[in-house]
Amino acid sequence: MRQSKLFTKTRKEAPADETAKNAELLIRGGYVHKEMAGVYSYLPLGARVLNKIENIIREEMNAVGGQEIRMATLHPSEPWKQTGGWDNIDVLFKIQSRTEKEYALGQSEEEIVTPIAREYVQSYKDLPVAIYQIEQKYRDELRAKSGIMRGREFGMKDMYSFHTTQEDFERFYEEVKKAYLKIYNRCALVAKVTEASGGGFSEKISYEFMIVTDAGEDDIIYCDACNYCANTEVAKNKIGDTCPKCGKENLVGAKAVEAGNVFDLGQKYPKAFNFTYTTEDGGSAYPIVGCYGIGTTRLMGTIVETLSDERGIVWPESVAPFKAHLLLLGEDEKIKEEAEKLYKTLNENGIEVLFDDRSGISAGEKFADADLLGMPWRIVISTKSITAGGVEVKRRAEQKAEIVALDKIVNFLKV
């Protein structure tokens with residue numbers, strides 16, 4: 001991609017009404033466009049990041065046997081009334097059509113996925129099964145905040161699994177738990193698994209995947225010596241107590257972002273929709289249901305909050321819109337020719353590159369834009385670098401640059 005042709009431009013200042021770091025940097029970098037509080041459009045660079053996050057999630061959900069579907073986001077009111085959600089879920093967007101029929105915008109999918117599963121699961125032989133989607137969600141938040149991390153419209157991966165026994169659900173939960181930790185690791189984040197209340201989804205304990213960051217809305221306590229972690233809302237212990245799991249360290253507190261969750265929904269929704277299957281002995285039973293969510297746009301915001309610095313975003317290679325940012329400095333025609341050749345070579349070798357070929361832009365402005373946009377590698381080609389033997393290459397997260405010969409750059413970046 002040539003930066004001179006890029007649809008968006010960077011800006012020096014974020015809107016005055018944005019206080020969240022993720023929104024400020026993403027708006028300044030041209031990754032997103034704010035439509036109103038809690039609603040953002042994702043522009044070319046932002047869409048590339050979001051697609052990569054979604055593909056990581058898709059790969060890991062497929063690996064545990066999840067089957068991808070796409071459910072409706074405009075819901076009839078009847079299933080919501082059948083479960084009681086129509087009157088009891090205050091964030092549910094409700095719409096009335098010109099014919100006075102009532103609809104809801106999907107804030108979760110239990111009311112849609114359960115009737116779908118009922119149609120195709122008749123026997124114990126059809127279980128277990130797990131289906132998921134990556135789609136938009138809508139919640140009537142009274143106060144949208146934290147940029148793209150808590151909005152009225154947002155991206156979500158939600159998976160639902162159906163089981164014959166509690167033991168089988170718990171077996172599958174452990175598989176999904178490992179898959180979630182892989183997802184966060186691939187996004188260069190470290191997650192802690194906490195226990196929390198099920199909220200409006202379940203009366204049972206749920207599990208949340210927390211990323212420690214000052215931008216978080218949740219308070220957690222955890223142990224540095226083991227994997228004990230709990231949300232302070234349900235924790236029996238407090239900061240400074242000895243860890244109840246290993247007894248080796250005192251518990252510490254932190255702010256954290258909930259980047260994913262799992263709910264044991266039990267048989268609540270199958271009972272609401274009279275969804276039974278034929279058991280092995282010829283009887284009938286309600287399946288046990290698990291729900292597994294990851295906010296895709298929230299995960300993108302969490303990455304920005306956690307990995308950015310005072311100059312801009314620092315994308316991990318796994319989700320960066322481009323692996324490298326090639327900066328052409330100066331107006332020398334021979335250097336321009338070399339830059340064009342290098343751009344072509346990188347593309348031919350499968351290295352995604354944003355080429356800052358803009359003329360009339362100072363070196364300082366190009367460096368500032370590169371830092372703001374946050375590609376993992378910065379490559380500078382100039383008369384100075386060519387004289388020194390090649391191009392100047394630097395990781396975004398590091399200060400030191402080195403000169404790499406033009407014929408070595410592909411192998412250098414592929415290591």
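Confirm whether Gly46 is assigned to a loop (DSSP other than H, G, I, E, B) and either at positive phi or of a type outside the set (Lys, Arg) (or both). Judged against the criteria, Gly46 is not a match.
Consider Ile53 against the criteria (1) over 18 Å from Arg152 (Cα atoms); (2) free of Cβ contacts under 8 Å to residues at least 60 places away in the same chain; (3) out of contact with any Phe, Trp or Tyr (no Cβ under 8 Å at 6 or more places or on another chain); (4) not charged (D, E, K, R): it satisfies all of them except one. Which criterion is unmet? For Ile53, the exception is condition (2).
Looking only at region 214-227, filter to residues that are surrounded by fewer than 21 Cβ atoms within 10 Å (Cβ to Cβ) and within 24 Å of the chain's Cα centre (by Cα); which one of those is modelled with the highest pLDDT? Among those residues, the one meeting the criterion is Asp219. One residue stands out among those in region 228-252 that are more than 30 Å from the chain's Cα centre (by Cα) and of a type in the set (A, V, I, L, M, F, W, C): the one that is farthest from Val212 (Cα to Cα), which is Cys246. Taken over region 56-83, the criterion of being free of Cβ contacts under 8 Å to residues at least 40 places away in the same chain and surrounded by fewer than 19 Cβ atoms within 10 Å (Cβ to Cβ) is satisfied by Glu59, Asn62, Leu74, Pro76, Ser77, Glu78, Lys81. Listed conditions (1) assigned to a loop (DSSP other than H, G, I, E, B); (2) surrounded by fewer than 17 Cβ atoms within 10 Å (Cβ to Cβ); (3) not acidic (Asp, Glu) are all met by Ser108, apart from (2).
For region 360-373, the criterion of being surrounded by fewer than 17 Cβ atoms within 10 Å (Cβ to Cβ), of a type in the set (Lys, Arg) and in the same structural domain as Ala339 (by TED's automatic domain parsing) is met by none of the residues. Counting residues in region 251-270 that are in contact with a Pro (Cβ under 9 Å, 6 or more places away or on another chain), buried (at least 17 other Cβ atoms within 10 Å of the Cβ) and not in a loop (DSSP other than H, G, I, E, B) gives one or more.
Is there a residue being loosely packed, with under 14 Cβ neighbours inside 10 Å, of a type outside the set (S, T, N, Q) and more than 19 Å from the chain's Cα centre (by Cα) anywhere in region 22-36? Yes: one or more hits.
Which condition breaks for Ala320 when tested against (1) over 25 Å from Ile134 (Cβ atoms); (2) not in a strand (DSSP E or B)? Here Ala320 meets the rest and fails (1).
The values are calculated or read from the model by the stated rules, or taken from the named source; none is laboratory data. What you see is a predicted model; the values in this text were computed from it and never measured. Positions of Cβ are generated from backbone atoms using ideal geometry, with glycine treated the same way; all protein chains shown enter the neighbour counts.
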